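Contents: one structure, followed by commentary.
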Amino acid sequence: MQVQSINPPAAVQIDCDGYVPLVVRVNSNAKWPPKYWRTGDFKHSLVEIAVDPSTGTVCKIVVTSIRDVSADGQSTDAVSRRKRSDGVPNALLTVWEGEQTRVDVEGQVRGYLEGRTFTVVLGDDQKDCNVVNCDRVNFLMNSSNELCGFQVEELTDQELENLRYAIGL
């Protein structure tokens, strides 16, 4: 998903309920219904990213399913990060044609659980990612300004327990 700009940071709500591994809500004044950009293999992995249809602002991320998860500290090998800014990414809305509300892009989804940080990488291994931080969420963008992953930091004990249960760790 191509990112066109960055909005100021907003409040974030994290949910891990033991069934759906992860839901990140960016509390903004998003218009509804949102437009969805979805990726994964659509059998064992699926990540949905909802954006405000009027601005493109990311308003929700749902990790519906994820099979390829490592808990042995490999995310630093898969993603090298550098701090860039604080805020929330705005997607380029031209990806959705006309009244289209969903774009499906088949691709690899991998997860890394290290301590209290859960990283989800979208697509091929990402090197030298830019980071856009919003509360406990880091949005990862590659050199082409495409959203290539995200991280949720400082998971609580309950969030961590529910996440581990939902992903089978």
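Quick notes on this one:
- Selection count where residues are farther than 20 Å from residue 65 by Cα and touching a residue at least 60 places away in the same chain (Cβ under 8 Å), scope region 145-169: 2
- Of residues in region 111-150 being in a loop (DSSP other than H, G, I, E, B) and closer than 16 Å to residue 26 by Cα, the one farthest from the chain's Cα centre (by Cα): 135
- Taken over region 29-53, the criterion of being touching a residue at least 60 places away in the same chain (Cβ under 8 Å), surrounded by fewer than 20 Cβ atoms within 10 Å (Cβ to Cβ) and charged (D, E, K, R) is satisfied by 38, 41.
- Those strands (runs of 3 or more DSSP E) lying entirely in region 1-98 with at least 1 residues over 14 Å from residue 139 (Cβ atoms) and at pLDDT 95 or above: 11-15, 22-27, 35-40, 46-51, 58-65
- Here the condition is being closer than 15 Å to residue 134 by Cβ, in contact (Cβ under 8 Å) with a residue 40 or more places away in the chain and buried (at least 21 other Cβ atoms within 10 Å of the Cβ); of 12, 63, 26, it holds for 26 alone.
- Residue satisfying all of: in region 128-144; touching a residue at least 60 places away in the same chain (Cβ under 8 Å) and buried (at least 19 other Cβ atoms within 10 Å of the Cβ); farthest from residue 3 (Cα to Cα) among these: 135
- Single residue of region 93-106 satisfying the filter (in contact (Cβ under 8 Å) with a residue 12 or more places away in the chain and exposed (fewer than 15 other Cβ atoms within 10 Å of the Cβ)) that is farthest from residue 69 (Cα to Cα): 100
The values are calculated or read from the model by the stated rules, or taken from the named source; none is laboratory data. Predicted model only: the values in this text are computed from it and were never measured. Counting neighbours? That spans all protein chains shown, and the Cβs are built from the backbone with ideal geometry, glycine included.
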